[in-house]
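The structure appears right after this line, and notes come after that.
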Amino acid sequence: LSYSNLVETAIEAGISPLLAPMWPVCLDAFLLAGSLFILRANLLGETPTPGWAVLLVFTGVSTAFNVYHSPENLVARAAHAVPPIALCVSLELLMMILKSDLTRETKVEEVTVEPSPNTIEPVEEPEEVEKVRRYFELNPGTSVNKARQDLKMSWKRVNEIKQSQFHQTQK
């Protein structure tokens, strides 16, 4: 919806009319990259702050150029500002839905899944568990990925131990 305004902005800025159609694609690439970063961070339980920074900055850039190249009346400017802002807000709504669904699936699994007698439980290495527990105690709010790097362990293993420790402290 904002493509033509952004192409006009690129041409006005001196970008070749042949290349100007790529400029909105560049802006949208940053919006997409920031969105994917946020999605990945939320799914992995990591901080989405860098993704939000990229998304908000480029939403602002896109909105500013859309408004700049819209007709000079309030309705037109508001109409041209809506698409990038709507993309940004819709991403947050998507994150809320995904978090809710993931939380619901986890709760359902906790209530309904009973281990069978043939299920082999992962072996808890006390030293490994203590190492991870101590790491998160000393570094609250640290991502699993950062812990994995610092402890030189797999992401899956660090996450399993962190989750088991979290469930134990809640009981």
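Summary of values
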item	result
The one condition in (1) of a type in the set (Gly, Ala, Ser); (2) open to solvent by 50 Å² or more (accessible area, probe 1.4 Å); (3) farther than 30 Å from Gln163 by Cα that Ala53 fails to fulfil	(3)
The listed residue being at pLDDT 95 or above and either touching a Ser or Thr at 6+ places or on another chain (Cβ under 6 Å) or farther than 30 Å from Ser143 by Cβ (or both), out of Leu27, Leu19	Leu19
Long-range neighbours under 9 Å by Cβ, at least six apart or interchain, first residue farther than 21 Å from Lys156 by Cβ within region 36-53, second among the basic types (Lys, Arg) and open to solvent by 50 Å² or more (accessible area, probe 1.4 Å)	Gly51/Arg40
Given (1) in contact with a Ser or Thr (Cβ under 9 Å, 6 or more places away or on another chain); (2) part of a helix (DSSP H, G or I); (3) more than 30 Å from Arg148 (Cα to Cα), index of the condition Val7 fails	(1)
When residues of region 73-89 are limited to those that are open to solvent by 60 Å² or more (accessible area, probe 1.4 Å) and under 20 Å from the mean Cα position of the chain (by Cα), the one modelled with the lowest pLDDT	Leu87
Residue in region 17-32 that is assigned to a helix (DSSP H, G or I), open to solvent by less than 50 Å² (accessible area, probe 1.4 Å) and farther than 18 Å from Val89 by Cβ present	yes
Meets criteria (part of a helix (DSSP H, G or I), over 19 Å from Met96 (Cα atoms) and not β-branched (Val, Ile, Thr)) for Phe37	no
Unmet requirement for Ser70, which otherwise passes all of (1) open to solvent by less than 40 Å² (accessible area, probe 1.4 Å); (2) in a helix (DSSP H, G or I)	(2)
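The values are calculated or read from the model by the stated rules, or taken from the named source; none is laboratory data. The model shown is predicted, which means the values in this text are computed figures rather than measured ones. FYI the Cβ positions are ideal-geometry reconstructions off the backbone, even for glycines, and counts take in every protein chain you see. To get the accessible areas, we keep the full protein, side chains included, count just its heavy atoms, and leave off ligands, DNA and RNA. Shrake-Rupley method; radii C 1.70, N 1.55, O 1.52, S 1.80 Å.
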